[in-house]
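For reference, the structure is listed below as structure tokens.
We did not get these values from a lab; they are worked out from the coordinates using the rules stated. What you are looking at is a predicted structure, and each value in this text was computed from that prediction instead of being measured. Here the Cβ positions follow ideal geometry from the backbone for every residue, glycine too, while neighbour counts run over all protein chains shown.
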Amino acid sequence: MAATNKPRVERAAFGRMPDGTVVERITLRGADGFEAGIIPYGAVLHTLHVPDRSGKSEDVVLGHDEFDDYLAQRKFLGATIGRYANRIAGARFTLDGAAIRLDPNNEPNMLHGGNEGFDRKLWCIVEVKEAPEPAVVLDYASADGEGGFPGRLQARVIYRVSGPTELSLTFEATTDAPTVVNLTNHSFFNLDGALSESQILDHRLRIVADHFLATDATSIPLPGPPRPVVGTPFDFREMQPIGARIRKDDEQLRRGRGYDHNYCLISGDGVRLAARVEAPRSGRVMELLTNQAGLQFYSGNFLDGTLSGKGGRLYRQSDAFCLEPQAWPDTPNRSDFPSARLDPGRLYRHETVYRFSLV
């Protein structure tokens, strides 16, 4: 195929920051038309081309064609989220007896790092390499007190084509003072293609979790232990169409306008299968593997047609889904949840793999 004659890694100018700084786009290529495009603003996964059962390779993530649209609209499309993904109740927590007050950008809570989270930062391109695998390494230094979080955090994300049709993401961080950290990628997927004009309600989903976190009206986990998924619309232990039960009269579905909940992944060592998605129309399959304790499943409920994306398409409800490996939400305020604390001398390391195949 012609794609095999292309270089495995390409760099090109994509846009400019308001101060004139050039923002590049790095393309990492695998096999048979599989390729990932990354931009350092927000450490964004800009494009992800994956072949379908007919051999046609199409972009399967939502986003923008022009860089200026990423600056103008904060919608987290493909972005790296930090310093803390998801929500922290009341935009505050206590660490070693000290009251930490954060940026309440999702009143009354903090969401995705506050108003100026990692998705709004220009990351530094540290390394781009073709061998042994196409990869790009991006760094960002978060100052002590940024968004209200204590400690200077040195963060890194590595995008790597780790197989013919496999993309691996590695997030790492160190700190000079005790803090909390929870990084993830916020890609919106449609396995029929970002320009297909089809919804994802017929995509079949499996999540390797027996429990989920029920939430209050502000999407903060309720007191008490995680709820069993059995007997609820949140049971994806076996493959189910995303839309099969999304209209059920269920209080949690009403609060999230669909699915927007953390699944408590079955514990295990290292990177393990967390979810599998199959698209009947295109035949594309995505398996998500991670070493994280939680997986936020979001069914695109708040896409309301006001956001214009690739190809001038208006993104609407159920046009895409998100699967975000991460720590559980509001963990800094919940001693009964797995800890998200990071201390000096320790390394935060989050690994996620998107593995594609056909059905």
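Over region 2-358, calculate the relative contact order: mean separation of alpha carbon pairs under 8 Å at least 6 apart, over the residue count, as a percent.
Rounded, it is 17 percent for region 2-358.
Which of Ala131, Ala327, Ala177 ends up with the largest GNM mean-square fluctuation for the chain, with Cα atoms connected below 10 Å?
The residue that fluctuates most here is Ala131.
Please order Tyr70, Tyr298, Tyr84 by the number of other Cβ within 10 Å, starting at the fewest.
Tyr298, Tyr70, Tyr84
What does the convex hull of the alpha-carbon atoms of the chain project to on average, in nm²?
Approximately 17.2 nm², given one-decimal rounding.
Using just the helices of the chain, give the 222 nm mean residue ellipticity in deg cm²/dmol: DSSP H runs with n ≥ 4 each add -39,500 (n - 2.57), and the total is spread over all residues, rounded to 500.
Rounded to the nearest 500, the figure is -1000 deg cm²/dmol.
Hey, for a label at Glu66 modelled as a point 7 Å past Cα toward Cβ, could you say which residues of region 167-205 have their backbone N under 20 Å away?
The answer is 195.
Need one number: nm distance between label points at Ala13 and Gln73, each 7 Å from Cα along Cα→Cβ, rounded to one decimal.
For the pair Ala13/Gln73, the computed spacing is 2.5 nm.
Would you mind telling me which residue in Leu169, Leu213, Leu307 has the biggest mean-square fluctuation in a Gaussian network model of the chain, where springs connect alpha carbons within a distance under 10 angstrom?
Leu307
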